[in-house]
1. Among (1) of a type in the set (Val, Ile, Thr); (2) away from the ligand (no atom under 16 Å from the Cβ); (3) in contact (Cβ under 8 Å) with a residue 24 or more places away in the chain; (4) farther than 19 Å from Met248 by Cα, which single condition is Ile110 missing?
2. When only residues in region 268-281 that are surrounded by fewer than 22 Cβ atoms within 10 Å (Cβ to Cβ) and either within 17 Å of the chain's Cα centre (by Cα) or at positive phi (or both) count, which is modelled with the lowest pLDDT?
3. What are the residue pairs meeting all of these: first residue in region 137-159, first residue of a type in the set (D, E, K, R), second residue surrounded by 12 or more Cβ atoms within 10 Å (Cβ to Cβ), Cβ atoms under 8 Å, and 6 or more apart or on different chains?
4. Quick check, is Ala47 farther than 20 Å from Leu108 by Cβ, among the aliphatic types (A, V, I, L, M) and within 16 Å of the ligand (Cβ to nearest atom)?
5. Which of the numbered conditions does Phe187 fail, given that it passes all the others? Conditions: (1) touching a Pro at 6+ places or on another chain (Cβ under 6 Å); (2) part of a helix (DSSP H, G or I).
6. Could you pull out the residue among Gln141, Gln195, Gln158 that is part of a loop (DSSP other than H, G, I, E, B) and either in contact with a His (Cβ under 7 Å, 6 or more places away or on another chain) or among the charged types (D, E, K, R) (or both)?
7. Sort through Ala224, Ala185 and tell me the only one that's more than 19 Å from Val54 (Cα to Cα), hydrophobic (A, V, I, L, M, F, W, C) and either in contact (Cβ under 8 Å) with a residue 24 or more places away in the chain or within 16 Å of the ligand (Cβ to nearest atom) (or both).
8. Among Leu128, Leu134, which is the only one that is in contact with a Phe, Trp or Tyr (Cβ under 7 Å, 6 or more places away or on another chain), under 22 Å from Gly6 (Cα atoms), at pLDDT 95 or above and within 16 Å of the ligand (Cβ to nearest atom)?
Amino acid sequence: MAKFVGGVATSHVPSIGAAIDHNKTQEAYWKPLFDGIEPLRTWAAEAQPDVVIVVYNDHASRFGLDLTPTFAVGAGSSFLPHDEGYGPRPVPPCVGEPDLAWHIVESLVINEEFDITIVNEMTVDHGLTVPLSLAFGQPDQWPCRVIPLCVNVIQYPQPTANRCYKLGKAIRRAIESYPTDIKVAIFGTGGLSHQLQGERAGLINTPYDMKWLNGIVETPEQLAQTTHLELLTEAGSEGLEVIMWMIMRGAMAKDVREVHRFYHVPASNTAYGLLVLEDVE
Ligand SMILES: [Fe+2]
């Protein structure tokens, strides 16, 4: 049977990927951040997940206003990095896990009544590749297979935090019913507080970020009731991304052990947050 090995919440700031790609991680600006994520790399190397489900959002790369799935699962056998304007990131292609992806999709649609978009061909942008770089560094090939789970947090109406939490729970049930002996982890990406445009561009709300870091660990049921209006007000227009952390948390046990927590400001014009969590058996 598949074994669930843990969950990671991490921001997916594009400039973090650029810092890695251009060997700037030890420069004064970036070193504190990369020092802070080192325990994630240690955990990932020890947990050795065979498959990572990466919950992320596409930033008008593979998808756009012509096609905006609410929840899309990548069921293909490989996913190339998307060219977001500066050429594709110099990272390996992601090798997919179609058998588990289809099992998850079948379970979600048939058993759980979640209407999931199935994507057989897709490129993946920084939302997915930056978290992989944070966890695994710069290998010639990623040490795990990847199932992309793309969430619409861009175009109104986005799913609620509670819907995301429920989806996470449903995904966990799908993992538990997968008969093959593999280790599975889930990453929830995006956030924390940030706003990229308008009068409040550069907004960072550290007290509110702490509410999320604490709530994800301790009171996810309560956090799942967070409204979009609260997120937009407190975390900024792009802060809504943090609802994707609820999918990760929903996939975990009621009680979790906090392996590592890290918070850093600034990462570009955002707050960076990281949680590494394991189930309390
Ligand atoms: Fe993003």
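The values are calculated or read from the model by the stated rules, or taken from the named source; none is laboratory data. Note that this is a predicted model, so its numbers are computed, not measured. Cβ coordinates were reconstructed from backbone atoms using ideal geometry, including for glycine residues, and neighbour counts include every protein chain displayed.
1. The single condition Ile110 does not satisfy is (3).
2. Within region 268-281, the first condition is being surrounded by fewer than 22 Cβ atoms within 10 Å (Cβ to Cβ), and the residues that meet it are 268-269, 278-281.
Now narrow it down to the ones that are either within 17 Å of the chain's Cα centre (by Cα) or at positive phi (or both): 268, 278.
Working: Ser268: 90, Glu278: 98.
Per the stated criteria, the residue is Ser268.
3. Filtered contacts from region 137-159: Asp140/Pro92; Arg145/Asp50; Arg145/Val51; Arg145/Val52; Arg145/Cys94; Arg145/Val95; Arg145/Gly96; Arg145/Glu97.
4. Numbers: farther than 20 Å from Leu108 by Cβ: yes; among the aliphatic types (A, V, I, L, M): yes; within 16 Å of the ligand (Cβ to nearest atom): no.
No, not satisfied.
5. Looking at each condition in turn, Phe187 falls short on (2).
6. Values: Gln141 fails: either in contact with a His (Cβ under 7 Å, 6 or more places away or on another chain) or among the charged types (D, E, K, R) (or both); Gln195 fails: either in contact with a His (Cβ under 7 Å, 6 or more places away or on another chain) or among the charged types (D, E, K, R) (or both).
Result of the check over Gln141, Gln195, Gln158: Gln158.
7. Working: Ala185 fails: more than 19 Å from Val54 (Cα to Cα).
Matching residue, one of Ala224, Ala185: Ala224.
8. Values: Leu134 fails: in contact with a Phe, Trp or Tyr (Cβ under 7 Å, 6 or more places away or on another chain).
Being in contact with a Phe, Trp or Tyr (Cβ under 7 Å, 6 or more places away or on another chain), under 22 Å from Gly6 (Cα atoms), at pLDDT 95 or above and within 16 Å of the ligand (Cβ to nearest atom) holds for just one of Leu128, Leu134, which is Leu128.
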